[in-house]
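Single-structure report; data block below.
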Amino acid sequence: MYFFLTQLSISDILLTTTIVPNMLHTLLHEGTSLSLNGCLVQFYLFIAAEASECLLLTVMSYDRYQAICNPLRYASVIDLTFCLRAILFFWLGIFSMELMVVMTMKHLDFCGNVIDHFFCDLEPLLELSCSDTFIMKLETLFLVIFLAICPVTVIIVSYVYIIFTILKIPSVTGRQKTFSTCSAHLTVVSLFYGSLITIYVFPRKQNAKTYLSLFYTVVTPLLNPIIYSLSNTDVKRALTTLFKITKSHIL
């Protein structure tokens with residue numbers, strides 16, 4: 001789990017460094033200019049970070065499934081070789097597939113040069129295009145199925161098995177202790193996919209989407225380390241000690 005958490009941290013850092021600096025510049029100067037190539041690079045890194053988070057959360061749910069449902073086989077299934085192969089496949093696959101989408105977008109003709117957004121997202125860019133975007137939408141649909149729908153399905157199936165396994169534990173303390181090992185991951189999954197579904201599935205005005213997109217580009221990467229840190233006993237103990245020391249100094 002800690003191995004995958006380091007990769008999740010890399011994904012969050014990539015996302016925030018891609019979005020936040022330009023967003024702050026836009027807010028301070030009430031707008032900013034960006035070349036087409038610069039916009040495509042930002043879009044490429046943005047979707048790569050989002051896609052990597054989708055796949056990482058999926059493999060982390062599989063990790064929890066093995067730890068809870070097959071604890072005796074956990075060490076032989078989730079070993080270092082599996083982790084390295086999974087991460088290598090994720091990063092190489094994501095950057096290769098997303099490059100295909102960006103290259104298709106680069107060949108589109110754009111009739112406008114102003115987007116009503118604080119970063120280069122798919123929908124605002126397609127709205128500026130005066131070319132036929134059928135191929136672009138087809139590629140996007142394929143990526144959504146592979147990088148969003150399939151991972152969500154795996155996560156749901158994993159947690160169905162996890163819940164059934166937890167319910168078979170006779171003691172209440174045992175059920176609570178077992179469920180606590182995956183509560184942080186479940187919280188992060190709910191925040192991440194909840195914000196994505198709210199923005200991209202349900203129809204909303206562009207202004208509403210702009211504000212809601214702050215949630216998965218800024219808020220979620222900020223909350224991820226906090227959520228996982230609070231599930232660690234050593235971190236809890238350190239925070240409790242710090243709180244007691246601060247309280248004694250104040251009093």
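The values are calculated or read from the model by the stated rules, or taken from the named source; none is laboratory data. All values reported here derive from a predicted model rather than from experimental measurement. Note: ideal-geometry Cβ built from the backbone for every residue, glycine included; neighbour counts use all protein chains shown. Each accessible area value is taken on the protein alone, full model and side chains, heavy atoms only, with ligands, DNA and RNA left out. Shrake-Rupley method; radii C 1.70, N 1.55, O 1.52, S 1.80 Å.
May I ask you to list the residues in the stretch 46-77 that are open to solvent by less than 20 Å² (accessible area, probe 1.4 Å) and either in contact with a strand residue (DSSP E or B) (Cβ under 8 Å, 6 or more places away or on another chain) or aromatic (Phe, Trp, Tyr) (or both)?
Phe46
Which of (1) of a type in the set (A, V, I, L, M, F, W, C); (2) closer than 22 Å to Leu212 by Cα; (3) touching a helix residue (DSSP H, G or I) at 6+ places or on another chain (Cβ under 9 Å) does Ile149 not meet, given it meets every other one?
Failing condition for Ile149: (3).
Tell me the residue from Phe43, Phe89 that is open to solvent by 80 Å² or more (accessible area, probe 1.4 Å), part of a helix (DSSP H, G or I) and closer than 26 Å to Ile145 by Cβ, please.
Phe89
Restricting to the stretch 126-139, and then to whatever is open to solvent by less than 60 Å² (accessible area, probe 1.4 Å) and in a helix (DSSP H, G or I), can you tell me which residue is farthest from Phe192 (Cα to Cα)?
Restricting to residues being open to solvent by less than 60 Å² (accessible area, probe 1.4 Å) and in a helix (DSSP H, G or I), the top hit is Leu128.
Given the conditions (1) surrounded by 15 or more Cβ atoms within 10 Å (Cβ to Cβ); (2) within 22 Å of Ala184 (Cα to Cα), report the number of the one that Ile19 does not fulfil.
(2)
Considering (1) open to solvent by 40 Å² or more (accessible area, probe 1.4 Å); (2) modelled with pLDDT of 85 or more, say which one Glu123 fails and leave the rest.
(2)
With the requirement that a residue be of a type in the set (Gly, Ala, Ser), within 23 Å of Leu15 (Cα to Cα) and open to solvent by 30 Å² or more (accessible area, probe 1.4 Å), what does the stretch 92-120 give you?
Result: Ser96, single match.
State the number of residues belonging to the stretch 140-155 that are open to solvent by 20 Å² or more (accessible area, probe 1.4 Å) and either closer than 21 Å to Thr18 by Cβ or outside any helix (DSSP H, G or I) (or both).
Residues that pass the stated criteria total 3.
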